[in-house]
Structure formats: structure tokens, C-alpha cells
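The structure appears below as C-alpha cells.
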Amino acid sequence: MTAEARTEARPEAAAPGGDAACFHCGLPVPTGADYRVRVLGEQREMCCPGCQAVAQAIVEADMEDYYRHRTEASPRPDDDLERVLEELAIYDRPEMQKSFVANRDGERREASLILEGIVCAACIWLSERHVRQLPGVESFSVNFTTHRAQVVWDNTRVQLSDILRAIAAIGYRAYPYDPERQDRVYRRERHDMMRRLAVAGLVYLQVMMISLSLYFGDFLDLSDQLRYFFWWVSLVLSTPIVLYSGQAFFRPAWRDLKQRRVSMDLPVSISILLAYGGSVYAVLTHSGEVYFDSVTMFIFLLLAGRFLEQGARHKAGELAESLNKLVPQVANRFESDGSVAVIPAFDLAPGDRILVRPGGPVPADGVVIEGESGINASMLTGESLPEFKRAGDRVSAGTVNTESPLVVEVDKVGQDTMVSSIVRLIDRAQSQKPRIAETADRFARKFVIGLLVTTALVTAAWLVIDPSRAFWIAVAILAITCPCSLSLATPAAIAVAVGRLTRSGLLVTRGRALEGLARVTHVVFDKTGTLTTGELMVRDMEPLADVDSARLADMVAALEQYADHPVGRALAAWGNEHAHGAAPAVTEVESASGRGVSGYVDGERVAVGNARLMDELGIALPEREAAVDELVVWVARGSTPIARAVLSDRLRDDAAEVVERLKGQGVSVWLLSGDQPDRAAMIGRHLGVDHAEGGLLPEDKMERVAALQADGGRVLMVGDGVNDAPVLACADVSMAMGGGTAVAKHSADMVLLNDRVAETAFAVGYARRTMGVIHQNLTWSVWYNAIAIPIAALGFVQPWLAAIGMSVSSIAVIGNALRLRRG
């Protein structure tokens, strides 16, 4: 501890306490208490050892600026702080972390926390800076609106309990994120806004009734004594709305001023205070005019606009919260004796077997091991029809079993499930700002400064022209301008768009992706697994000799059950589908790598393979020409070929549709594949792409994309494999198939959860529409302010009309953004 930070108790000082307030939490200091800490160069009184310890921690961490910037007293630490800190160690247990901690690479962990005690931006500044200084903490960020924090740390260097202790040491409390607690935060904020709005509305109506009496009094020869009485009544009624409801604007404005920043709350607060102060002066001096009706209407309309904005923001971001609620709280686990026990879902572990009853949600990711049923995954993939699942198929937490019981073996739980990873990606996408949003924010901040300067100049001019009007014209200018619409124009539209695309099965993982997607000129597709399903299928089995079709299927299925290759699996699937009766006996099976398989089936020598295998076995093949998109496999019995199987990689059902739609949008469509050049060219011609090329390595694909970008093109790359990751990363915008590799999905800006490639065309069109809405909002905001300010400066706008204009401007921006939900 430094000398300055050390508590200094000086006997010669007068007994502290009594009337003093604690410098940290603001509570009274008990008489005789002596818990002083040197803060900001002075000895500060503290009320208890807890506040003393917190203040010392802040000073020792060289973060005394916290006390300069805070706008409210800090929360008082728990009286039994040591007990609380000891209890935090429970969160280091793996069984506790299963429900809210995600495991990243190696020992890297990520968790969502809820912070209690956050009262202002300075609290966020302090907590973020304090936690980020801990060794092993890679990132820590707090959302002021939701009080939700995301923390990433190296578990080999720092434990979660250490992070929670560090937060508690500066006076805050952190808990694992809980959707129910998040709902309580939103409801509390909404109720607070409703109370302020209700007070403003009730008072405004009363003040307006009195104002109407004053207006009509000009025609009814109202006495001065009665007029002044009405003025005083209006003053008494207006004061609560200014002091209580107006806090929604005063607190943020004061907080920003303390941090040497300006925001839209500053001109709003100045206009309210000027109008109220001028009216109070008129009442006290019995001179001039009062505008209590304008003040109350101004506050009421602005609060109404913010209330609607708050609801719109919540609607735009409610998708992530609804996904969190999909996962059930309980699970039915099979015990060692075969019984089924109902347990908390967070107690599940990889390897557990669970029963998913019809109509019930799946509590964890896993693989079906028994049963067949339909699974409704619409909230994850956007696909409304149930997906049929049988043994060996994967199911995800949050999806719903629609028909029959399933037995599932769990392999991912808690924050490692697909639904949790989707929520984290949505949070990241909605928190990132496109360049256009960052530009608008910078312009809005400069706009506020320019507005204050303009108001001062206009007021000075009116003091020369007509001093009696100067004051109220200044109020009207400050009231009618709306910099908030500039700042809301982009984030409102982005939040709605991200939610809408996710409901369609396209997960946006980076907020900047929409801006890039709207400017795309070229879409480059990989072939296998993207435009094709990546699964071989037997398209035709042509008999070449007199052989029974069922017997042929029996032989193929019997031999290919020993093959572990895509070709072998496709042939085995065909054989099992067409086989009849009991499986034949198979002996002396030999597998030739890359060529096929041979053996004895019921005593007969049978071979299934390509032309190389037939040549090695001395089997003469008939002259047949295969199409470039076909794979030919021969079936021979003894030395005679008896069948010719044609296999092909199946095109996706919507592959031709997406190419047609993209070209209709003016986008050039390319196919770049590592497959054989003639096969890639064949598929390219079939689909009608502008350019198809095969035989490419990942670096070759990157060169092609770079060449397009050098010519001024904006490239969207769509792929699914590990080899696509480099080109996905170098493209302007990237999209990975949901069934693709984890590396590809991690590299991409978007993920097609449902593998419907036609959503690519929808995404491009929708992104363009989104950017159109953003430009509409920005254009409206600029033109509104450009027209409103001169009109107000010329004296044609009353303060009450200015309040209406400002509220309508903000609501128009939000309403225009919400139109995207119907896309």
C-alpha cells in the first residue's frame, strides 16, 4: 500500500462522524468512527471498514478518476464482505459453470454475468478498467442498458471467483446471467419510465386546463389577481414534472458533462430548464409570459417518444432472450438401474442418456440412439416443417420433439450448446456498429456542439432585433432539433434486421456484415457441400447381364458394409434399400484403397469398384462414356461385369433458384471448386453461373477473389469446408453453411443454419433494403433538422410545437426501422 493510499488516523483531529457523509456510499458516518482514506489529495471520511476497503482498492489501482466522474454515490459493500467473497469460490466448480460458462480453445472460458449496483457510466468505466487489469482476463465489457457483462479469461491464469472478487472489491456484485433476472431489469426500467410518463401526463393535462382558462381569459377580461393565481397553480403543478419526470433527461446530461461529452440530452435539458426558469421568473416578478404548458407538454411528449423507443429496442433484441428461454430447466435422465430420474438440466454431463418425450423440448445437444420422431427446429433454422430424426442423427437443445419418444446421448451442455453459441453471436452482431453508424454517431456529437453554438448566435441576434422574443426562440431551437434520430437511424434498423434474418435461418455473426452484403457485386460459391449436398447418391444401376435386381442389391450391400468411404456408403445405402431377404454370407473381403472392395458372397467371387480395380482383377469392361459430373462404379461376378452404377454429388434443390435470383439482382455468380475442372464446368453450365472453375487450391481461390476486389468488386464468399476458411476470411463478406465445418463457421460473417442456399439471394436483397431504410432514416433526420432549425430561428415555432416535432422525428425513425420486420 502506498503512503497516500494508506488510511491515516490522526488523534489530534476532531472526532469524526456525526453529521458527515461517507465519501464512498453517501450514508451518515457514525459518531466516533474513524475510517479515513486519502482520495484525490484529501482525507475522506468513510462510514465503515467495507467502504474503507473499497476506497483503498480504487486508490491503489490508480483509478481515483472514478470519484471525479461518478454521478451518484457508490453502492455500500456488504457488511460481511469476507463471507461473500468466500462464497464466490463455488462458481469455480465445473458443475456450477456448466449452465453459464462456455469453453473456448483450450482453457479459455467465456461467461455472461449480471452486475448489480451499476448506477451510471462511471460505474461501467470503473468495473471494466478494474477487471481488465487482472492477469488472464482477455476481455470484459458491460452493457449499461441491461447491466449484462461478457467476460473472456484464461482459466490457467485466473479463476472466475477471482474475477467476481475483483468486482465485489470495488462495491458491485456479479452473478451468472439469468434470463429471468434480465426480464426483471427490463421490467424495472419500463415501470420507471411508465411512472415518469404517468406523472408527466397527469400534470400536463391539469396545466393545460389552466392554460386554456388563461387563453380564454384574454377574451373574458380576466382580472390580474386571478391571472396571477392561475400562474402560481401552474407553477406548483409543473414543478413535480420537472423535478421528477425531467430526471430522465437531466441525469444523462449531467453525467455526460462530467465526462466532458455532449449528447442529445444536453440541449433537451437546457431547453426545459430555460423554459421553466423563465416562467418561474415571470411568476415571481409578475411580468412577461409563462410557458408551463409548453414545459409540461415538452417533457410528456419526449418521454412518450422514449417509451416507444424503449419498447422498439426491446422488440428488436428480444430474439436472443427468447432463444435463451427455449432450453428447459429439467431433464429426464436414465440412471444406472434403467430408471428415469427428473434432474435439473444443468446437472447433465456429456455421456448421459436422456429421454425426450413427445411435445417436450430437448435439454442439451446430443445424438439420437433410440427412436424415430419429428423435431421442430424452427427457432434455430427458420424451417417450419419438422425434421425427421432417427438413430445416429443430431438434435440440438431448445428444439421440440413433436411425435414419439427419443433416447438421446448428450455430448454438449450449457454454454457449449448450439443455442447458446447462437445467442453469443447475436449479441456480438448487434453490438458491432457498421461504418455508417459510427459516422452518424460522430456527426451527431458534432451536431449537438454546433447546435449549442448556433443557438447562442441566434439568441444574440434576437437580443438586438427584439429582446422580448430572444429567450423563447432559443428554447424553441433547442426543443425542435433531434440529434437522437441521427444516432438511432442505424442501430434500430440493424437490430431489427439481425432478428429477422435469424428467424429465416441466417445467423448474422458480425454487425458490419449487412453493410457489406448490401454492396456485393459478386457471389462466389464453393461446389461440394454448398451448391451440392456433399453426399454421393446412386443415380442409376444399369444391369449388364442376366441378374436378378434383388440379388444384385444383396451382393452390393453385403460387400459395401465393410467400406468406410463416401462411395461405399452410397452403394451400401442403395443396396440396403433394394435388398430382399436375409443377408448373404461374406468371406475373404479385401479392400483396395481408392479402388473398391472384393470378396466371396455365398461362395461366388464378387468385386465392386472403379475401372482400375476391374483392370487389376483382369475383368474386361465394355466401352462406356461417362458424363463429367458422374462417378462410375462397376459390379463384377467372377470375370464378368454384371452392372454399372452411376453416382453423382446431388445438387441442392434450390441451387438453380439462387443463381437465377442473384443474377436478377444484378450480381455476378461464380463457382470456384477444388473438384475436377471438367466436372465444375459441367455444373456451372447446368446452373447458368457466369464463371466456373475447378481444380483450385485454397490459395488459388484467394487469388481469384483478390483479383475481383482489385477490379473494384465486392465479393460474398459462400463455403463450408476447412479449405474454405482462408478465402472466407479474405472476402468482403462471407457466409458458411450450417452443416459445414466449425472452422468455416468461425471464419464467416454469417451462417446458414438451415443450409437453404436460396437464403443467400434473400439476404442480399434484404441487406439492400435494410441499408435503404438506414439511408431513409438519415436523410429524414438531416432534412428535418435542416428545415426545423431555420424555422425556429426565425421565430415561427412555439416551444410546444417544437416538442411535437422532436418526438415525431424520433418515432418516425423507429417506426421506419420496424417495417423491416415484415421483410
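The values are calculated or read from the model by the stated rules, or taken from the named source; none is laboratory data. Being a predicted model, the structure only gives us computed values, none of them experimental. No Cβ is skipped: glycine too gets one built from the backbone with ideal geometry, and neighbour counts run over all protein chains shown.
What the table below lists for this structure:
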quantity: Any hit, segment 603-623, residues being at pLDDT below 85, crowded, with 18+ Cβ neighbours inside 10 Å, under 54 Å from the mean Cα position of the chain (by Cα) and β-branched (Val, Ile, Thr); calculated: no
quantity: Number of the exception - Met702 against (1) in a helix (DSSP H, G or I); (2) closer than 23 Å to Asp732 by Cβ; (3) without any contact (Cβ under 8 Å) to a residue 24 or more places away in the chain; calculated: (3)
quantity: Some residue of segment 665-675 being part of a strand (DSSP E or B), hydroxyl-bearing (Ser, Thr, Tyr) and surrounded by 17 or more Cβ atoms within 10 Å (Cβ to Cβ); calculated: yes
quantity: Residue list for segment 362-375, restricted to those being surrounded by fewer than 19 Cβ atoms within 10 Å (Cβ to Cβ) and either over 31 Å from the mean Cα position of the chain (by Cα) or at pLDDT below 85 (or both); calculated: Ile369, Glu370, Gly371, Glu372, Gly374
quantity: Condition check for Thr145: exposed (fewer than 14 other Cβ atoms within 10 Å of the Cβ), assigned to a loop (DSSP other than H, G, I, E, B), out of contact with any Phe, Trp or Tyr (no Cβ under 8 Å at 6 or more places or on another chain) and at pLDDT 70 or above; calculated: no
quantity: Filter pass, Arg261 being at negative phi, assigned to a helix (DSSP H, G or I) and at pLDDT below 75; calculated: no
quantity: Any hit, segment 290-301, residues being more than 29 Å from Val268 (Cα to Cα), crowded, with 19+ Cβ neighbours inside 10 Å and either modelled with pLDDT of 80 or more or charged (D, E, K, R) (or both); calculated: no
quantity: Lone unmet requirement of (1) surrounded by fewer than 17 Cβ atoms within 10 Å (Cβ to Cβ); (2) farther than 30 Å from Tyr766 by Cβ; (3) modelled with pLDDT of 85 or more for Ala643; calculated: (1)
quantity: Helices (runs of 4 or more DSSP H) within segment 159-245 that include 2 or more residues at pLDDT 70 or above, closer than 29 Å to Phe300 by Cβ and among the β-branched types (Val, Ile, Thr); calculated: 179-220, 224-240
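Residue-by-condition table, conditions (1) under 50 Å from the mean Cα position of the chain (by Cα); (2) assigned to a strand (DSSP E or B):
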residue	(1), (2)
Leu507	yes, yes
Val524	yes, yes
Ala545	no, no
Ala563	yes, no
Ala570	yes, no
Ala573	yes, no
Ala582	no, no
Gly599	no, yes
